[in-house]
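Comments concern the structure below.
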Amino acid sequence: MDDIVLPGMLEATFVRSPFARARIVSISLEAALRAPGVRAIFVAQDLKQLPLAMFYNFGNPTSPMPVQTPLAEGYVRFAGDPVALIIAESRYLAEDAAELVEVEYDAETPVLTIADAISGPQVHPDLPGNISDDALGGDDPEIDAIFAGAAHVVSDVIRHQRQTHVPMETRGLIAACDGAGELTVYYACQNPHQAARYISKVFDLPGHHVRVVAKDVGGAFGLKVHPMRDELAVVAATLITGHTIKWIEDRVENLTAAYHAREQEMSVKLAFDAGGHLLAADIDHVMNMGAYPQGNSPGPLAMMMFSGPYRLPKLRHRTRSYFSNTCGLGAYRGPWMIESLGRETMMDLAARQMGIDPVDLRRRNLIRKEDQPYVTPMGLTMDRISPVETLEKVVREIDVDAFRQEQAAAREAGRYLGLGFAAYVEPTVLAFAGAMATESVQVRVEPTGKVVATSSTHSQGHSTQTTIAQVVADELGVDLADVTVLEGDSSRGGFGAAAGGSRQAVAGGGAAKTAAGLVRDKVKKIAAHMLNASPHLVEIKGSQILVDGVVEVSTTLTNIAEAAYFKTDRLPPDMEPGLEFQFRYRPPPMVFSNAAHACVVEVDIATGMVKILRWVVSEDCGVMINPAVVEGQVSGGVAQGIGGVLFEHAAYDDYGNPTAVTFKDYLLPQIGDVPVLEFVHTITPSDTPGGFKGVGEGGAIIGPPTLVNAIADALSPLGVRCLDLPLTPDRILGGLQQRSAIPESAGR
Amino acid sequence: MKELTIKCQVNGQAFEKTVPVRKTLLDFLRQDCVLTGAHAGCEHGVCGACTVIVDGVAARSCLMFAVQADGAVICTVEGVAEENGELHAVQAAMRDSFGLQCGFCTPGIIMTLVSMTAGEGATEDEMINALSGHICRCTGYQGIRRAVTKLAKATGEISQDDSHAV
Amino acid sequence: MKPAAFDYLVPTTVDAVVASLALHGDDAQLLAGGQSLVPMMALRVARPEVLIDLNRVAGLSGIERIGDTLRVGAMTRQAQVIASPVVAEALPSLAAALRFTGHFQTRNRGTLGGSISLADPSAESPAYALALDAQMELRSQRRSRTVAAADYFLSGYTTAREPDELLVAIHYPIRPRARIVVDEVARRQGDFATAGLVARVECEGGRVAASALAWFSMGPGVLRSPNAEAALNGGALADIDPEAVADLAVGDTDPFDDHHASASLRRATARVLAIRALTTIRTEELA
C-alpha cells in the first residue's frame, strides 16, 4: 500500500490513548495545529459533519455490541484507542505534531481479563452488561447421568493467551476524492468489493461512488477483513477536506491497536465407556472480546465444531464472551480453533489416564467411511471426510513403534522426547446467508485469443491469481500462460466476499470452473459449426481446437474469438456474439476438510526449551488445484500455531498497558523455529465443482494441539500439565517444579 | 545540520538529493529513488523486510539514515536481475521453490541471499543462520529453505534432480 | 515510527568528535552501528538533540595484535571481527561471542565499541570484555585514559565513560594458556539471552591459576562470579566439581523477573551453562 504515491498526497498519524480506561477531559490542539506541515487535525466531534454510521458486517443482530465511532468520543476504552487524527505533509511531521496534542484524561481502573469483566464495572455503559454472547446448548438431562455412570471421565481447563495476527504488511490505505462525492480508496484489505460496499454504506454514498483498489496485500489472516475505526477516520478526513490522505499503520499500532485474538479458556469434560469410546462431552467456553471487536465471538463456531472428527453422541456446551478495556477481538486464522485445542489435548489426557495409546484411543472414536454421512451432536452432516485415512497415513509416516523405542532409550539417558498427534475437521467456505454467500467470476476469451478471468476473489498471499487461472485453463483447454486473472478492484467484476473462512478455492474455484465451462461449451459449438463437426468430438488443447479423429481439420481459439467478436456471420445461426460468461456461484454453507498432524519434540527440562524435530501432515482438502499452494497454506498456519504455543503473547500489565509493543517483545517464529513439514496428502473430493475444499486456516487450528500434545507426551513421565498457553520455558519449568520432581535450582 | 545533499549510487544509477538528516535510508530509497522493493515491516530493525546491500553487505535500511549513505554503493531488489530481465539465481531459486506467498518479506530475504551467494558463496547452514534475521508470516519458511538448498548446491556441488519443487 | 528531529554532525577526526562532545555534553549521542540506537530513535524513546555520526571518523576501526594484546578499534564492525584472520589466530573466542550477537545483518553494521558502550546487561560483548579483563581506551579533550573492564561496566547501560569521552578502542589481553568458553541460551536465534556466560580458566601444572566467570542477562549489569572464581583458583583441575562451582556461580548472580523470563528460569538456565562450560574446560584441559 505504501508503494502508491498520488499527487498532493498528505500523510496521517493518530494520537492514541495511553490509558485503558479514561474519560477524556479535554483535548488541546493549539500547539499541534501550529506545527510545521500540519494541514488538519480531527477529533470525534469534527467527524459529525458527515452522515457517518459504522455497523458490523459480521455480526449477530441480537447480541449486544458497542456502537463504534472512528475516533473516541468522550471516553477511551483501551490503550491505543484513537483520539485524534493528524494530517500533515509527511509522516515525520505528523508524528512531530502528534506529540504536541495535549489530552487530559481522567483515568479509571480498567477491566482487563474475563474475570474482571464478570465482576467489574461495565466497559460499555450503554450496553446491558459486559457479556456479549451467552449461548447454552445441548443441555440434555441425560448428560449428567452419563457422566456419573461413565467408566472414565477426564476434566480440565485449557487456557489460550492473547495473540495478534501480525501480517508482515501493516494496515494502510490512501483515500482520494475524485470530484464531488466520488471516492477511490487504495486499501490493504481482504475483500475490495466488501470494503467498497461497507464504506459506501457507512458514509451513505451511492455504491458506485466508492471504488476500492487492493493490489498486492502483504498478508492479512483475518485482520483486514473489515474496515476499522481508524481507517474510516482517514476516509472521513478525505471526504471533509478533499485532500488525498495516506495512512500506513506502524508496527507498534499494529501490535497494540489493530485487532487481537485468541484470549479464551474452555473447560472440557469427556466421558468414555470402558472400551474408550466417547459417550458425552460437556464444555464451557469464555472469550475476551476486548473493547471494540470486529464482530461476534467465534464461540458458537467452536461449540459447533467441538466434536471434530469423532463420533460423539452427546454434547452440552456453553459459550460466553465478554467485553474488556483491551484491544478488540478480530477474526484470526481459524478463530474457533479452541475446539481442536481443547478436544485433542483432552483426548491425550484421557488416553494417558486410561492407559490407552493416544493413537489407539483416536482409532476407537474417529468417524469412519461407513459412519458417513455422520450427523454430529450439533446437527452438522459430515460427509466425504477421511479422519481415519489421514491419521493412519501420519502414523505410518512417523513409525510410531520406532519412535517409542527411541523415546524410552532417551528417557534412560535423561532426555525427554515427545510425540503428539491431533486430528480435526475444518468447516471451510462458511458461505452462510449474507455477504459470504456467493462468489463471481467472469471468463472471457479476448479477440486476441487470450483468456481473462475477472474474479471476485482476492489474494493476500493466497495465490488465487494462479489457482483461479489454473481452474480456468484446465476447464477451457488453454495453457496457463494464456490466462490472466484480474482481482483486487471493486470497479471490476461483480461483488464477492473474497478472502476469509477458507473459501476461495471452493467459492471462487467453483465460479471459475462453471464460467469457464460455459465458455468452453460455446467455443465447441462455434468450432463444430465452423469445422462441420460434431460438438462432442471437438477438443480444446493448448488453445488449439481439434476434432477427435480428424487430424486435418483444426483451428485456433483466436479464430473462434475473432468470429465471436468481429466476423459474427460465421457463428451458428441464432447464436449471440461474444465469448464471455459470468457465473455467480453459491457454494454449500460448509464444505468439510480434515487432517491429522503429528510432531516430535525434545524438551530440555533444565532450561524449559522446546525443539521441534519433526512434523508430519496428512491433510484432505479434496482435489488440490495446486499442491504447492496447499502446502504453503498449511505450513504458514502451522508456523502461526507454533508461534501461539511457544512464543507469541500480546500481554497487558495490570494497568492495561500492552507490554509487547515491538518485535523485541512480540516474538514470532523464525526459520529455525519451524521444522520442515512432511506431507502425505489425502484426496476425498467434495461434491462442489472441481471437488475442491478449503485449506487456508487449517494449519493454525490443528498446529497448536499437535505441538501441545507432543510437549505433554515428552513430559508425561514427570506428570506436567501443559494446558496453559503459551508453553514458555518459564511455564514448563514451573510445571516441572510444581510436580516437585525437580527442585528449583537443579539442572540435569 | 538539518539537511544534507547526498550522492549515492543505487543499482548502478547515480542519485543526488537533498534530504532531511532524520530521513531513514529506507524512506529515501522508497520515496526519493522511487524504489519500493525494500519494505517497512517494523521500522525497528527486527523483521528484515527493509534489507538492502550497502557497500557490499546486507544491512537493515530502516536502521540507517539516508545521510549515512552519502558516497555509498547500494543495491536493492530492483537491481538484482540481469538487464535483459533474466532473474538472478536467488530470485529463480525462490520462484522455483515457491518461497513466497504475499511477497512482502521477500525482497529483504533475496538481498541477504544475494549478498551471501556473491563471490565464494555460502553453505546452507550459513544461509539459514543469516535468514534468522528475517520474519516471514506466510510461508512457514518451507520454500525459503528449499531455495537455500538449491543455492548452496549451486555453488559447486553435484545437484540432484529437484524437479519436485513441492 | 519516525525519529524526532536532530542536528547531525559528521566529523572525520577523533579531535572533532571530542570537541563536539565537550560542547554538547548530554545533548549529544554518538551514532556507531545504529543497530541499537536507531530503533530507540524510531520509537522516540531516544531523542538526541545532536547526533554525532562516527562512521566517517578516521582511525577508529581496525584489528591489530600488538604483542600480547589484541587491539580492536571501537568502530570495527562485528562482522569484521568475526571474519578477521588476526582474531581467529589470537582470540577466536571473541569471534565466538560475536556470533551470538544479533543477526547476520545487524553484525554488518553493528560495532564492537557500540555494544561495549551501550553496556546492555543482556549483551555478549560487555561480558566478554569483563571476563577477559579488557581495557577500554577513552579519549576526550581533557585526557586520554584506559579503564579496566571491572571499573568500566558500572551497571546496566551505565559505564565509566563520561559524556565528553569517546571509546576509541578495546584492548584484549591474549593469554595463551587460557581456555575461554562463550555460551548462552536464547529463546530464538539472535535473541537476547535468557542467560549467558563467558568463562575463562587458565591452568598451570594441573592447577587453576586464574579464572573469570562473567555473566550476561543475569543481573542489572554484567557481573563476575567472585565466589565461584575463589573456589576455582588454586584448586586442582581434576578436582573441579562443575555442579558445585556452578551453584556458587549462580549464587553470585542477581537476575530479576521481566516478561521474557523469570529470575528463577534465568538461574536454572545459568546453572546449565556453568556446568557445561566448566565441564568442557576441564575435559579439554585434561585431554
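Throughout, read-outs are computed from the coordinates displayed, never taken from laboratory work. Everything quoted here is computed from the prediction, not taken from an experiment. Using ideal geometry, Cβ is built from the backbone for each residue, glycine included, and neighbour counts are taken over all protein chains shown.
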Cross-link partners of A:Lys522 among lysines (Cα-Cα below 17 Å; sequence separation of 8 or more within a chain): A:Lys450, A:Lys513, A:Lys541, A:Lys567
Using the alpha carbons of the stretch A:439-585, what is the convex hull volume per residue in cubic angstrom, as a whole number? 103 Å³
Above 23 Å lies some portion of the pair distances; for the stretch A:1-104, what is it as a whole percent of all C-alpha pairs? 37 percent
Excluding residues fewer than 8 positions from A:Lys246 in its own chain, the lysines with Cα under 28 Å of it are A:Lys48, A:Lys201, A:Lys215, A:Lys224, A:Lys664, B:Lys2, B:Lys17, B:Lys23, C:Lys2
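The stretch C:13-110: Rg/Rh from Cα coordinates, Kirkwood Rh?
1.03
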From phi via Karplus (6.51, -1.76, 1.60), per-residue ³J(HN,Hα) for the stretch A:488-497 in Hz, x at Gly/Pro: x, 8, 5, 7, 10, x, x, 4, x, 7
What are the equivalent ellipsoid semi-axes of the stretch C:63-173, built from the alpha-carbon gyration tensor (square roots of five times its eigenvalues), in whole angstrom, biggest first? 21, 16, 13
So, in nm, how far is label A:Leu537 from label A:Ser155 when the simple model puts each one 7 Å beyond its Cα toward the Cβ? 7.6 nm
Loop only per DSSP, at most 16 neighbouring Cβ atoms within 10 Å: give me the chymotrypsin sites (Phe, Trp or Tyr not before Pro) in the stretch B:1-104, ordered by residue number. none
Nearest-5 percent of antiparallel DSSP beta bridges in the stretch A:236-316? 75 percent
Name the longest site-free stretch of chain A, where the excluded sites are chymotrypsin sites (Phe, Trp or Tyr not before Pro) in a DSSP loop with no more than 13 other beta-carbon atoms within 10 Å. A:56-431
Computed over the stretch A:541-620, the convex hull of the Cα set has an average projected area, in nm², of 12.9 nm²
May I have the pair-distance distribution P(r) for the stretch A:153-263, computed from all Cα-Cα distances with 5 Å bins from 0 and rounded to whole percent? 2, 12, 21, 21, 15, 10, 6, 4, 3, 2, 2, 1, 0, 0
Computed over the Cα atoms of the stretch A:460-547, the Rg and Dmax in Å are 15.0, 47
Go through the stretch C:275-285 residue by residue and turn each phi into a ³J(HN,Hα) via Karplus (6.51, -1.76, 1.60, θ = phi - 60°); whole Hz please, and just put x for glycine and proline. 4, 4, 5, 5, 5, 4, 5, 5, 4, 5, 5
Based on Cα positions only, what radius of gyration and what Dmax would you give for chain A, in angstroms? 27.8, 91
So what does the Cα-only Debye profile of the stretch A:378-498 read at q = 0.17, 0.18 Å⁻¹, as log10 I(q)/I(0), no solvent term? -0.94, -0.99
Rounded to whole Å and sorted largest first, list the principal axis extents of the Cα atoms in the stretch B:3-79. 29, 25, 20
Checking the cross-link filter: which lysines have an alpha carbon closer than 30 Å to that of A:Lys269, excluding same-chain neighbours under 8 positions apart? A:Lys314, A:Lys369, A:Lys393
Select from C:Gly59, C:Gly73, C:Gly205 the residue whose mean-square fluctuation is largest in a Gaussian network model of chain C (Cα-Cα springs shorter than 10 Å). C:Gly205
Largest-first semi-axes in Å of the equivalent ellipsoid built from the Cα gyration tensor of the stretch A:200-354 are 42, 15, 14
Apply the Karplus parameterisation 6.51 cos²θ - 1.76 cosθ + 1.60, with θ equal to phi minus 60°, to every residue of the stretch B:53-65 and state each ³J(HN,Hα) to the nearest whole Hz, in sequence, with x for glycine and proline. 9, 10, 6, x, 10, 6, 9, 7, 6, 6, 9, 10, 8
Take every Cα-Cα distance within the stretch C:7-53, group them into 10 Å bins from 0 onward, and report for each bin the whole-number percent of pairs it holds. 28, 54, 17, 0
For the stretch C:166-228, state which trypsin sites (Lys or Arg not before Pro) are in a DSSP loop and have at most 16 other beta carbons lying within 10 Å of their beta carbon. C:Arg177, C:Arg188
Check A:Leu315: other-chain or 5+ apart residues with amide H under 5 Å from its amide H, H built from backbone geometry? A:Ala281
Residue-averaged 222 nm ellipticity for chain C, from DSSP H runs of 4+ at -39500 (n - 2.57), nearest 500: -10000 deg cm²/dmol
Non-local amide H neighbours of B:Lys23 (under 5 Å, H modeled in plane, Pro and chain starts lacking H): which ones? B:Ala66
In deg cm²/dmol, rounded to 500, what helix-only [θ] at 222 nm does chain A give when every DSSP H run of at least 4 residues adds -39500 (n - 2.57) and the total is split over its residues? -8000 deg cm²/dmol
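Within 10 Å of each Cβ of C:188-196, how many other protein chain Cβ atoms are there on average?
If you average over the peptide's residues, the count of other-chain Cβ atoms is 4.
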Here the Cα Rg-to-2.2 N^0.38 Å ratio for the stretch B:89-155 is 0.96
Cα extents of the stretch C:178-286 along the three principal axes, largest first (Å): 46, 25, 20
The stretch A:256-282 to the stretch A:67-103: how many Å between their Cα centroids? 40 Å
Give me the Debye-computed log₁₀ of I(q)/I(0) at q = 0.15, 0.16, 0.25, 0.28 Å⁻¹ for the stretch A:327-384, equal point scatterers on Cα only, no solvent, two decimals. -0.65, -0.72, -1.05, -1.09
Quote the convex hull volume per residue of the stretch A:270-343, based on C-alpha atoms, as a whole number of Å³. 80 Å³
Relative contact order computed over chain A (Cα-Cα under 8 Å; 6+ residues apart), in percent: 15 percent
Based on alpha-carbon centroids, what's the gap between the stretch A:573-648 and the stretch A:287-360 in Å, whole number please? 19 Å
Which one, C:Leu21, C:Ala42, C:Leu9, is farthest towards the positive end of the dipole of the stretch C:7-53 when Lys and Arg carry +1 and Asp and Glu -1 on their Cβ? C:Ala42
Show me the three semi-axes of the equivalent ellipsoid for chain C, from the C-alpha gyration tensor (sqrt of 5 times each eigenvalue), largest first, rounded to whole Å. 33, 21, 16
Alpha-carbon radius of gyration plus Dmax, which is the widest Cα pair, for the stretch A:323-436 in Å: 18.4, 59
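Note down the relative contact order for the stretch A:439-585 as a percent, whole number, built from C-alpha pairs under 8 angstrom at least six residues apart.
Averaging sequence separation for qualifying contacts and normalising by length gives 32 percent for the stretch A:439-585.
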Given Cα positions, please report Rg to Rh for chain B, the hydrodynamic radius being the Kirkwood one. 1.00
